[in-house]
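Trainee: Okay, handing you the structure first.
Every number here is computed from the coordinates shown, using simple stated rules; none is lab data. The structure presented is a predicted model; accordingly, all values stated were derived computationally and were not measured. All Cβ positions, glycine included, derive from the backbone under ideal geometry; neighbour counts span all protein chains shown.
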Amino acid sequence: MISMEYNLLNRNQFYLYIFLILFSCKTNYDYPVYYGKTSEKHVSLSIEKEIFLISEDMPIAQISSIHISDQYIFVTDNYINNQVYQFDKNGKFIRMLGTKGQGPGEYVFPVTAGVVQNTLYVGSIGTMRLLEFDINNGQFQKSFPIEHGPWPKIVIDKEKKYLYIVHPTRYADYSISQAILNTGKTFNKFSEMDDDFKLVFDIFAPASDIALHENELWQTFNHKYEIKVFDLATKNIKRVYKFDSSEYFPIIKKTKNIKGHDAEKQFRNKSTQLNKLTLLNGNVICVQLRAWNKDGDPKDHLELWQEDGTFLTSFNIPGNERFMSGFDNKLIFVKRTIDKDGSLSHPILIFRSLTEME
């Protein structure tokens, strides 16, 4: 009896020591951590304009990404049509860039990596190559291979020197690599992942989105609800932003489920992701939190913060809209509706501007 009580005491002490160690490790950081503080500013999102995107030759089935230059809008449909579209700033169709295939100027599951100067970069997931197109005449220029694919996101710096590539964890031991433009050769690795990350993210990358700002690389960790900011020169973490999804995804009452009984459907933490990141004017952080309920229905929400961790505003995204990207002080959404004949309408780009209220 005494031995059992002694063992139980030792076991409880052991658990207490482990808890204290974990707690101390969790709360002590070598960099600032922002949890969002109350803002004295009052900001709002208002619709600035709407643009219809109409392509009669091959209607857009599903938009996967959007990039905007000073003169053009580039839309990628890599789920169904495997096509990249070019429009002017008013939504007038200009041309399709490249086509599906494995030859020069062709791609399989395209991912637009962005516009730098007069060049549009398109990643071909199926062939693991990066293609370059001249945005003024639409001509294919060249392509080169990229190591360690596939990759859901590629970002190119403004100087056209480097690629920053997001990797799924089942293909690499790190979530972001830095490669040399024009060769695709990896020479730097960011955010190496431990065994816990590999266990949770066997298929999907923990970094679901990345962005560049001056000498920093911003990376979202979707299931940890946080953004890490790395110094590009040292690869060290400079600061971290942490988000709380529970405030925006509470239990939602549902009158009846499939069996006809009263039920509740809950947006569970393990199904919630911090999956989109946009930097506006270099100092406003816009992130999207997405959650799925038990029926597989998504619910999206935006939060806007200042770089110093000040919370600015939040926005519930309507069910028929999707948040795509942002630039300057504008956020871009895509809206689809159902026509009378039951078909999907042409996509509508909605530009919402961030304005400060008095």
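Trainee: What is the distance, in nm, between label points placed 7 Å from the Cα along the Cα-to-Cβ direction at T99 and at E147?
Mentor: About 3.5 nm, to one decimal.
Trainee: Which pairs break 19 Å Cα to Cα here: K89/K142; K92/K276; K276/K330; K161/K185?
Mentor: Result: K89/K142; K92/K276 exceed 19 Å.
Trainee: Still on this structure: Taking the Cβ of each residue in H42, H167 as the centre, tally the other Cβ atoms inside 10 Å and list the residues starting with the fewest.
Mentor: Result, fewest neighbours first: H42, H167.
Trainee: R239's amide H: which non-local residues (gap 5+, or another chain) put their own amide H closer than 5 Å, with H modeled 1.01 Å from N in plane and none for Pro or chain starts?
Mentor: Correct list: V229.
Trainee: Give the order of V116, V287 when sorted by the count of other beta carbons within 10 angstrom, beginning with the fewest.
Mentor: Listed from fewest to most nearby Cβ atoms, that is V116, V287.
Trainee: Take each of the peptides 157-166, 334-343, average the number of other beta-carbon atoms within 10 Å over its residues, and list them starting from the highest.
Mentor: The densest-packed peptide leads the list: 157-166, 334-343.
Trainee: Out of residues 5 or more away from G326 or on other chains, whose amide H comes under 5 Å of its own, with H placed 1.01 Å from N in the peptide plane?
Mentor: Amide H neighbours of G326, under 5 Å, 5+ apart: I332.
Trainee: With θ set to phi - 60° and the Karplus curve 6.51 cos²θ - 1.76 cosθ + 1.60, what are the ³J(HN,Hα) couplings of the range 120-135 in order, to the nearest whole Hz, using x for Gly and Pro?
Mentor: With the stated coefficients, the range 120-135 comes to 9, 9, 10, x, 9, 4, x, 10, 6, 9, 10, 9, 10, 10, 6, 6 Hz.
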